[in-house]
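One structure is given below, encoded as structure tokens.
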Amino acid sequence: MSRIPVAVLAATGAVGQRFVQLLENHPWFEIVAVTGSPRTIGKKYSESESWLLSTDIPESVRDLEVLPSTPEKVNTPLVFSALPASEAKEIEPIFAEAGTAVCTNAGAFRRDPHTPILLPEVNPEHIALIHAQRTAHNREGFIVTNPNCTSTGMTIALKALQNAFGVKRVFAASMQAISGAGYPGVPSLDILGNVIPYIGGEEEKVTWEPRKMLGKVENGKLEMADIGFSFHANRVPVIDGHTLVMTVELADSPVNFDLVADALSGYQSPAVSRTLPSAPQPPIRVRTESDRPQPRLDIADGMTTVVGRIRPDDLFDLRMVVVSHNTIRGAAGGSIYNAELLVEQGFVSR
Ligand SMILES: NC(=O)c1ccc[n+]([C@@H]2O[C@H](COP(=O)([O-])OP(=O)(O)OC[C@H]3O[C@@H](n4cnc5c(N)ncnc54)[C@H](OP(=O)(O)O)[C@@H]3O)[C@@H](O)[C@H]2O)c1
């Protein structure tokens, strides 16, 4: 089978580079175009920015010219977007108008009622919102987003609990990696040996997005999940991998607490997304050691959400720690998984 030609918009940044790395040997997609800001347009990709990853720049991408982010220049049926939200707001609808499928990391359209925030192991059925989006905007192309990188691991773990017991309220605090702020991101003098108890806009996103993803889509309409959230965002001097400490109140407390760990470790993605090339195997890994999960030790396979320290709580029902790779599962890998679902469901032609 020939691979589907794709472009990466903002291929030079932290998430753009992850796309370039993860798509190198992808069985379905082949990068034929990369875009950048006016700062890098016209340069060779390999000369456009510091390469941040431990693998080399793929040979097939090294010499591509960095293009402007327009459908005419890019000319592919599917684009992966790592644009900053302000740029995405202007540029992504232009691609959708031109008939392109846009899989984006940017937050610009996550609150749009016709735009799915997709996690294939959680809510693949929300893909149906694309029909409503096409009708609302009278266009063939469409935008599909993935969640904020901190909402990602949280929502995957909550989905397993929601299915088994129902979820009423969540209290959480994050310890978020520096790469979540992009490149060059947070100045080293601010973050080394330090904790910054503020990430602009993060608390609003992480208390809203899981409710959309854990909600229902019926007849093209979305009903948000009725779950209460309280969340504190913190930036810590970790390079990759966001850690969340979470306290959860369930709708039905389990009679036997072991059932909580069983619900998490036994969680299976819906059949439609279980065997796609980027499907995490397993979707959730439960660590039983008393000092795990840790970002340095537990993000190696990139797409799996790692949960540990599952224990009863005196105020709510349970406490747990969730670790997730922010630029892989929380960004580029998540978008690629979404695009695989779009192909599988016939929204993008092979
Ligand atoms: N980092 C994460 O963990 C993470 C996770 C989830 C979602 N996100 C989201 O993903 C997006 C990218 O984040 P990032 O961390 O990769 O940021 P970043 O490292 O700051 O990169 C942003 C890139 O955008 C490019 N750019 C700016 N304007 C452009 C335009 N008009 N056309 C094409 N490229 C343009 C810049 O390109 P030049 O190099 O050419 O100037 C820069 O490389 C953001 O929306 C962010 O919120 C990030």
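Read the figures in this text as sums done on the coordinates, not as results from a lab. Fair warning: this is a prediction, and the values are worked out from it, not measured in the lab. Neighbour counts run over all protein chains shown; Cβ positions are idealised from the backbone, glycine included.
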Check your understanding: Going by a ≥ b ≥ c, the root eigenvalues of the Cα gyration tensor, does the stretch 150-325 fall in the rounded group (a/c under 1.5), the prolate group (a/b larger than b/c) or the oblate group?
Key -> rounded
Point to revise | Fewest-first sequence of VAL6, VAL186 by Cβ atoms within 10 Å of each Cβ | key: VAL186, VAL6
Check your understanding: Within the stretch 99-234, how many lysine pairs that are 8 or more places apart, or on different chains, have C-alpha atoms less than 13 Å apart?
Key -> 4
Point to revise | Cβ crowding within 10 Å averaged over residues, with 7-15, 236-244 ranked highest first | key: 7-15, 236-244
Exercise for review: Would you look at the GNM of the chain, springs on alpha carbons closer than 10 Å, and say which of ASN338, ASN234, ASN219 moves the most?
Suggested key: ASN219
Check your understanding: What shape does the stretch 171-223 take by its C-alpha gyration tensor, where a ≥ b ≥ c are the square roots of the eigenvalues and a/c under 1.5 counts as rounded, a/b above b/c as prolate, and the rest as oblate?
Key -> prolate
Check your understanding: How would you rank 161-173, 103-115, highest first, on the average number of other Cβ atoms within 10 Å across their residues?
Key -> 103-115, 161-173
Point to revise | GluC sites (Glu not before Pro), loop per DSSP, at most 16 other Cβ atoms within 10 Å - longest free stretch of the chain | key: 141-288
Point to revise | For the stretch 308-347 versus the stretch 248-275, the gap between their alpha-carbon centres in whole angstrom | key: 13 Å
Practice item. Kindly provide the helix-only [θ] at 222 nm of the chain, computed as the sum of -39,500 (n - 2.57) over DSSP H runs of four or more divided by all residues, to the nearest 500 deg cm²/dmol? Key: -8000 deg cm²/dmol
**Study point:** aspartates and glutamates whose Cα lies under 13 Å from that of LYS43, excluding same-chain neighbours fewer than 8 positions away
**Key:** ASP63, GLU65
Check your understanding: So, in Å, what gap is there between the alpha-carbon centers of the stretch 162-230 and the stretch 32-70?
Key -> 30 Å
Review point. In nm, to one decimal, how far is the SER265 label point from the SER60 one, both placed 7 Å along Cα→Cβ?
Key: 3.9 nm
